[in-house]
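Written out below as structure tokens is the structure these notes cover.
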Amino acid sequence: MAKNVMDTLRERGFIKQTVYEEDLYKLLGSESVPFYTGFDPTADSLHVGHFMQLIAMKHMQMAGHKPIVLIGGGTGMVGDPSGRTDMRLMMTRETVDYHCECFRRQMSKFVDFEGENGAVMVNNADWLLGLNYIDFLREIGVHFSVNKMLSAECFRSRYERGLSFFEFNYMLMQAYDFLVLSQKYGCKLELGGDDQWSNILAGVDLIRRKEQKPAYGMTFTLLTTSDGRKMGKTAKGAVWLDENKTSPYEFYQYWRNVDDADVEKCLKLLTFLPLDEIADLCANQDERINAAKERLAYELTKMVHGEEKAEAAQAQARAAFGGDAENMPIAEVPADTETVCDVLVAANAAKSKSEARRLIEGGGVKIDEEKISDVNAAIPADAKSKGEFVLHKGKKVHIRVLLK
């Protein structure tokens with residue numbers, strides 16, 4: 001008998017909350033269940049936070065269940081107040097449509113759209129933008145209690161700072177999405193991050209009240225570090241799945257450099273490696289944990305960018321740590337560049353001259369094997385004369401600089 005996908009998700013650390021859990025477990029073990037998860041098109045690329053949702057959808061699909069990918073072309077024009085202390089900027093329809101197209105291209109790498117339980121992709125703009133307001137209030141709004149809504153965490157955290165009526169409608173629209181998907185596709189389950197719990201419950205409740213049909217919700221643990229910070233953020237910002245925003249090498253290095261305490265959790269949540277193999281990789285919390293980090297970085301980069309780019313990123317990373325300049329990431333810098341400060345900025349190793357000066361003052365910069373301690377230091381003469389050198393920033397960033 002095939003394993004129940006809830007067991008798989010629970011063993012790997014995904015599940016945070018469920019509603020009507022016993023009934024849902026039986027359902028997932030007895031038939032193919034259409035389920036959905038939503039993605040707000042607030043940027044033109046998915047990021048690491050979305051990646052976890054895609055992995056969960058893939059686990060569900062591999063267990064025989066049918067994914068519905070909901071692009072929030074309509075709700076994205078309002079903005080979800082969950083987990084925020086400010087109001088989102090409103091986007092134009094053109095911007096939302098462009099972001100939806102970008103999402104479609106990226107998701108096709110991860111979710112199978114072919115076959116009997118192939119995923120379908122829908123855009124809630126198709127049913128939200130043409131709604132008649134009075135009809136919506138009569139048909140949907142009548143099922144919502146304002147008192148109950150205000151007790152939800154997503155609203156309570158914003159209430160004192162100011163919550164617009166505009167945003168207050170978000171919960172109704174997300175619940176309505178679940179109702180429409182239930183009617184059109186037989187959708188029975190909504191998945192999402194744990195910050196979506198209140199919105200998911202609203203949809204489950206709406207279907208059960210209005211349709212007198214079973215509906216279920218499940219939320220996943222948010223991807224955080226062992227000290228509670230959201231993963232997927234760097235000094236440059238989010239870790240994107242679009243290689244034009246986060247290069248395959250940067251993506252690889254992000255995962256190669258996760259804290260030792262987070263490696264096992266990331267392998268369980270973000271890869272499909274068997275649990276016993278993950279346990280073996282993470283059995284030793286000493287220098288041998290680096291092999292687990294390499295495996296994590298390689299597996300994720302391969303999944304997002306393909307095997308060829310994953311192997312290239314791994315070769316570059318190993319070269320950087322092993323001193324093999326031929327395979328290091330390369331930065332071309334104008335030949336008339338004079339100072340090490342200017343090199344750091346031109347090679348994208350520092351955002352500004354002031355940051356470059358701080359790095360030098362902190363003792364973290366070397367040209368080849370020469371430590372740079374003067375913030376006004378010129379590029380060493382021997383490095384300048386040969387037209388190339390290795391720039392070291394701390395222990396983890398090593399760049400082959402070519403003077404062009």
Practice item. Take the residues in the stretch 332-355 that are touching a strand residue (DSSP E or B) at 6+ places or on another chain (Cβ under 8 Å) and small (Gly, Ala, Ser), then tell me which one is farthest from residue 320 (Cα to Cα). Key: 335
Exercise for review: Just need a number here: residues in the stretch 356-385 that are open to solvent by 50 Å² or more (accessible area, probe 1.4 Å) and either farther than 11 Å from residue 401 by Cα or touching a Cys at 6+ places or on another chain (Cβ under 9 Å) (or both).
Suggested key: 15
Check your understanding: Restricting to the stretch 209-235, what's the tally of residues that are touching a helix residue (DSSP H, G or I) at 6+ places or on another chain (Cβ under 8 Å) and outside any strand (DSSP E or B)?
Key -> 13
Exercise for review: Kindly indicate which of 181, 191 is assigned to a strand (DSSP E or B) and surrounded by 22 or more Cβ atoms within 10 Å (Cβ to Cβ).
Suggested key: 191
Study note, to complete from the structure: residue 120 vs (1) at pLDDT 90 or above; (2) more than 21 Å from the chain's Cα centre (by Cα); (3) under 30 Å from residue 60 (Cα atoms); (4) not basic (Lys, Arg): all pass except (2)
Check your understanding: When the stretch 1-16 is examined, which residues are found to be in a loop (DSSP other than H, G, I, E, B) and either in contact with a strand residue (DSSP E or B) (Cβ under 8 Å, 6 or more places away or on another chain) or open to solvent by less than 40 Å² (accessible area, probe 1.4 Å) (or both)?
Key -> 4, 12, 13, 14
**Study point:** Options 213, 148: the member that is of a type in the set (Lys, Arg), surrounded by fewer than 16 Cβ atoms within 10 Å (Cβ to Cβ) and either at pLDDT below 90 or in contact with a Cys (Cβ under 7 Å, 6 or more places away or on another chain) (or both)
**Key:** 148
Check your understanding: Picking from 331, 356, which residue would you name as being within 27 Å of residue 313 (Cβ to Cβ), assigned to a helix (DSSP H, G or I) and either in contact with a Gly (Cβ under 7 Å, 6 or more places away or on another chain) or not aromatic (Phe, Trp, Tyr) (or both)?
Key -> 356
Study note, to complete from the structure: The residue from 225, 219 that alone is closer than 29 Å to residue 17 by Cβ and surrounded by fewer than 17 Cβ atoms within 10 Å (Cβ to Cβ) is 225
Review point. Among the residues of the stretch 18-58, which ones are open to solvent by 10 Å² or more (accessible area, probe 1.4 Å), closer than 25 Å to residue 183 by Cβ and part of a strand (DSSP E or B)?
Key: 18, 19, 34, 38
Review point. Looking at (1) open to solvent by 60 Å² or more (accessible area, probe 1.4 Å); (2) among the small types (Gly, Ala, Ser); (3) in contact (Cβ under 8 Å) with a residue 40 or more places away in the chain, which is the only condition residue 125 fails?
Key: (1)
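The values are calculated or read from the model by the stated rules, or taken from the named source; none is laboratory data. For clarity, every value in this text was computed on a predicted model and none was experimentally measured. Because the Cβ atoms are built from the backbone with ideal geometry, glycine has one as well, and the counts that use them run over all protein chains shown. Surface areas here come from the heavy atoms of the whole protein model, side chains and all, with no ligands, DNA or RNA. Shrake-Rupley method; radii C 1.70, N 1.55, O 1.52, S 1.80 Å.
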